[in-house]
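Colleague: Before I ask anything, here is the structure I am working with.
The values are calculated or read from the model by the stated rules, or taken from the named source; none is laboratory data. In this text, all values refer to a predicted model and were calculated from it rather than measured experimentally. Virtual Cβ from ideal backbone geometry, glycine too; neighbours counted across all protein chains shown. Each accessible area value is taken on the protein alone, full model and side chains, heavy atoms only, with ligands, DNA and RNA left out. Shrake-Rupley method; radii C 1.70, N 1.55, O 1.52, S 1.80 Å.
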Amino acid sequence: ATFPGDMAVAMRVLDAVVETVDAAGQRRSIPIADFHRLWGDHPEQDTSLRPGELITAVVLPRPLGGQHFYEKVRDRASYAYALVSVAAVIQRDGSGRVAFGGVAPKPWRVEAAEALLPQGAEAVTARAFQGATPTKDNAFKLPLATRALAAVLAQAGTPAQKKG
């Protein structure tokens, strides 16, 4: 199953931190990048929360500047999970950050792909999903993610979009 939420995708692009407390009063700060887990040997554990641990806060870092976007592609107009979503912070020079939802068991961000933002959506998604093995039932999500990111870059008016 893919991660269904919206807020965590936006929090991932912002590098939020999840604060927790357990029954003994022990507190922890978990970077959002480490909070959601890939399946591995324990698919029943989709977060790094420990038994009895509660989320008490989500801390957002100082504003990054640039333009902030959230593009959600879904089957119907309301109350639907994203088939694909894109959270992005785009700077004037076309650099920035991007995270995807609806494509993996956790919000998907590949920082190495972000360096390719000035080259456009195809370059970013090719790197972000390098090695992905879609099935016949979900292969449509890869070009959909590219189109969603292209829409965000067009809204931002990035240099890559102005060239093409």
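Colleague: Please report the spacing between the Cα centers of the range 1-24 and the range 95-164 in Å, no decimals.
Modeller: One Cα centre to the other: 21 Å.
Colleague: Starting from the eigenvalues of the Cα gyration tensor, five times each then square-rooted, give me the equivalent ellipsoid semi-axes of the range 1-79, largest first, whole Å. Write out the running numbers ahead of the final one.
Modeller: Details: eigenvalues 123, 73, 25 Å².
Three semi-axes, in Å: 25, 19, 11.
Colleague: Among the trypsin sites (Lys or Arg not before Pro) within the range 15-95, which fall in a DSSP loop and have no more than 11 other Cβ atoms within 10 Å of their own Cβ?
Modeller: Numbers: sites: R27, R28, R37, K72, R74, R76, R92; in loops: R37, R74, R76, R92.
Sites meeting the loop and neighbour criteria: R76.
Colleague: Mind ordering 99-110, 42-53, 134-145 by average Cβ neighbours within 10 Å, highest first?
Modeller: Ranked from most to least packed, the peptides come out as 99-110, 134-145, 42-53.
Colleague: Right, here's the next one. Let's see if you can work this out: charge +1 on each Lys and Arg Cβ, -1 on each Asp and Glu Cβ, no other charges. What is the dipole magnitude of the chain about its Cα centre, in debye to the nearest 20?
Modeller: Roughly 500 debye, rounded to the nearest 20.
Colleague: What helices does the chain hold that run 20 Å or longer along their axis, going by alpha-carbon atoms, with a Kyte-Doolittle average of -1.0 or more, using DSSP H for the helix calls?
Modeller: Working: long enough: 141-156 (22 Å, 1.00).
Long hydrophobic helices here: 141-156.
Colleague: How high is the FRET efficiency between A80 and S29 when r is their beta carbon distance and R₀ equals 35 Å, given to the nearest 0.05?
Modeller: For R0 = 35 Å, the calculated efficiency reads 0.60.
Colleague: How large is log10 I(q)/I(0) at q = 0.21, 0.33 Å⁻¹ when the Debye formula is applied to the Cα atoms of the range 93-132, each weighted equally and without solvent?
Modeller: Listed by q, the Debye log ratios stand at -0.58, -1.20.
Colleague: Oh, and also: Reported to two decimal places, what Rg/Rh ratio describes the range 68-146 when computed on Cα atoms with Rh from the Kirkwood expression?
Modeller: Values: Rg = 12.5 Å, Rh = 13.0 Å.
Rg divided by Rh gives 0.96.
Colleague: Which of the listed residues, F35, T56, G66, is farthest toward the dipole's positive end in the range 13-73, when Lys, Arg count +1 and Asp, Glu count -1 at the beta-carbon?
Modeller: Checked the options; the winner is G66.
Colleague: In the range 1-157, carbon and sulfur make up what percent of the accessible area (probe 1.4 Å)?
Modeller: Percent of accessible area from carbon and sulfur atoms in the range 1-157: 55.
Colleague: Once you keep just the Cα pairs under 8 angstrom separated by 6 or more residues, what percentage relative contact order results for the chain?
Modeller: 23 percent
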